[in-house]
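**Student:** Next up is a structure, given as structure tokens.
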Amino acid sequence: VDHAPDDAPAVCHLDTGVLRGHTLLEGSLASTDLHSVFGGTGADTHPNGHGTSMAGLALYGNLEPLLMSSATVSLRHRLESVRMYPAPGERQIDPLDYSTATVSAVALPEAARGDRRRAFCLTLSTEPDQPGEPTLWSAAVDALAAGTDIVRDGEELQLLSTPDPDSARLIVVAAGNVSKYEADHHTNSVNTPIQDPAQSWNALTVGAYTDLTQLPSHPQYAGWQAVAQAGDISPHTTTSLYFNRTRWPIKPDICMEGGNVLSDGAGFYEDRLPTLSLRSTGHQSDAALTSANATSAATAQASRLAMLAMERYPSYWPETVRGLLTHSAEWTDTMVQQLNH
């Protein structure tokens, strides 16, 4: 691996921290770029190493084809991380405080490296009380994306400045995942609204589709089938079809690979099968690999795509990169066929 130079643009993860010592990540994540809103370690504190696996996808994309090759991987961007997930013994973040935590998380890398171009990758979410309605969290994301300085004042946000185009930020947000699986995954996704803060107007909201349909060869899965066909929306993803169409934007803005789900046809589902997921960096050791999926994985890949565009077009505004990703996206043949019916 040839890691990008220190002044390259970076994906900044607002997640559960990152195992910086991983052999595939260390050369792209400086110790000074590992932060925490809790003031402690920036290392991954999630039991499943969520932040570490997302960092791998944001840096490399799906690792599987790279692991099958002996070619040199030349990276064009770097990583940053801000841990927003509490370690054992640390205070829990109240849902209202996610707005404050996000403001603090964005400020940390900007204070350390204000000259660096970056995209913020926010893969944390909560279930909405009123789907599609603005919340403190989504309003904070909107204000930050527009380049506005804000502070929380009770249950409201106080704007400290007008939007500044020179301070605008690209914030890539996960749409959030369904809470259960159904054989009719289209209806299930329609009935499950995207999570807070993915309703943010100014964020690039990412859902999941899938091309992964390879069934496992193990005898225990004999007769099981993939829930979604190739090119379909992923069974993991949520939608905004229940939102008020006259008032709110359609979300997600784009979809990236988020994996598939296996079903036995009798109500049992396997949602983390390796053959129906992506390969990424794990947190169990400095050389561990793991499987990743759902809208978090899709969002990490979208952040990588944004960085490739930022590196290629250094003069483009964050809004321009967001527009490039949205307007260059195309529906798959499977999606088009479903619309034609």
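**Student:** Treating the beta-carbon of each Lys and Arg as +1 and of each Asp and Glu as -1, no other charges, what is the dipole magnitude of segment 173-296 about its Cα centre, to the nearest 20 debye?
**Tutor:** 320 debye
**Student:** Roughly how many Å² is the accessible area per residue of segment 115-267, as a whole number, for a 1.4 Å probe?
**Tutor:** That works out to 45 Å² for each residue.
**Student:** Go through segment 181-192 residue by residue and turn each phi into a ³J(HN,Hα) via Karplus (6.51, -1.76, 1.60, θ = phi - 60°); whole Hz please, and just put x for glycine and proline.
**Tutor:** 10, 9, 4, 8, 6, 5, 5, 4, 5, 4, 7, 10
**Student:** Still on this structure, please answer the following. What are the GluC sites (Glu not before Pro) within segment 302-341 that DSSP puts in a loop, where the Cβ has at most 16 other Cβ atoms within 10 Å?
**Tutor:** Counting only loop positions with at most 16 other Cβ atoms within 10 Å, the GluC sites (Glu not before Pro) in segment 302-341 are E330.
**Student:** From the alpha carbon gyration tensor of segment 112-155, can you work out the equivalent ellipsoid semi-axes (sqrt of 5 times each eigenvalue) and give them in Å, largest to smallest?
**Tutor:** 23, 14, 9
**Student:** Then there is this: In deg cm²/dmol and to the nearest 500, what is the mean residue ellipticity at 222 nm of the chain if only DSSP H runs of at least 4 residues count, each as -39500 (n - 2.57), divided by the residue total?
**Tutor:** -7000 deg cm²/dmol
**Student:** Would you be so kind as to identify which of W248, S189, V178 lies farthest towards the positive end of the dipole of segment 177-321, taking Lys and Arg as +1 and Asp and Glu as -1 on Cβ and the Cα centre as origin?
**Tutor:** Among W248, S189, V178, the one farthest towards the positive end of the dipole of segment 177-321 is W248.
**Student:** Right, something else. Under a Cβ-Cβ cut-off of 14 Å, what is the net charge of the residues other than T100 that fall near it, where Lys and Arg count +1 and Asp and Glu count -1?
**Tutor:** Result for the local shell: -4.
**Student:** Further question: Taking Cα centroids, how far is segment 20-45 from segment 238-312 in Å?
**Tutor:** A separation of 23 Å, based on Cα centres.
**Student:** Applying a 10 Å radius around every beta-carbon, put 199-207, 68-76 in order of their mean neighbour count, most first.
**Tutor:** Sorting 199-207, 68-76 by mean packing, highest first, produces 199-207, 68-76.
**Student:** At a threshold of 8 angstrom on Cα-Cα distance, excluding pairs fewer than six apart, so keeping six or more, what relative contact order does the chain reach in percent?
**Tutor:** RCO, the chain: 20 percent.
**Student:** Within 10 Å, count the other beta carbons around each residue, average over each peptide in 172-178, 41-47, and list them highest first.
**Tutor:** 172-178, 41-47
**Student:** Mind putting a number on the dipole of segment 65-156 about its Cα centre? Charges go on the C-beta only, +1 for Lys and Arg and -1 for Asp and Glu, and I need it in Debye to the nearest 20.
**Tutor:** Result for segment 65-156 is approximately 880 debye, rounded to the nearest 20.
**Student:** Just one of [x] 63; [y] 16; [z] 12 is percent of Cα pairs over 38 Å apart as worked out from the coordinates here. Which one is it?
**Tutor:** Answer label, from the structure shown: [z].
**Student:** Lys and Arg at +1, Asp and Glu at -1: add these up for the other residues within a Cβ distance under 13 Å of T205 and post the number.
**Tutor:** For residues surrounding T205, the net value is -1.
**Student:** A further question follows. Using the charge dipole of the chain (Lys, Arg: +1 at Cβ; Asp, Glu: -1 at Cβ; taken about the Cα centre), state which of L59, F120, A208 has its Cα farthest towards the positive end.
**Tutor:** The residue sitting most towards the positive pole is L59.
**Student:** Order the peptides 283-294, 55-66, 180-191 from the highest to the lowest mean number of other Cβ atoms within 10 Å of their residues.
**Tutor:** 55-66, 283-294, 180-191
**Student:** Picking from L276, S303, S291, whose Cα lies most toward the positive end of the charge dipole for segment 253-323 (charges on Cβ: Lys, Arg +1; Asp, Glu -1)?
**Tutor:** Ranked along the dipole, the leading option is S303.
**Student:** Report in % the part of the accessible area of the chain that belongs to carbon and sulfur, leaving out ligands and nucleic acids; probe 1.4 Å.
**Tutor:** The value for the chain is 51 percent carbon and sulfur by accessible area.
The values are calculated or read from the model by the stated rules, or taken from the named source; none is laboratory data. Computed from a predicted model, the values in this text were never measured in an experiment. Glycine gets a Cβ as well: all are built from the backbone with ideal geometry, and neighbour counts include every protein chain shown. The area values use the complete protein model at the heavy-atom level, side chains included, leaving out ligands, DNA and RNA. Shrake-Rupley method; radii C 1.70, N 1.55, O 1.52, S 1.80 Å.
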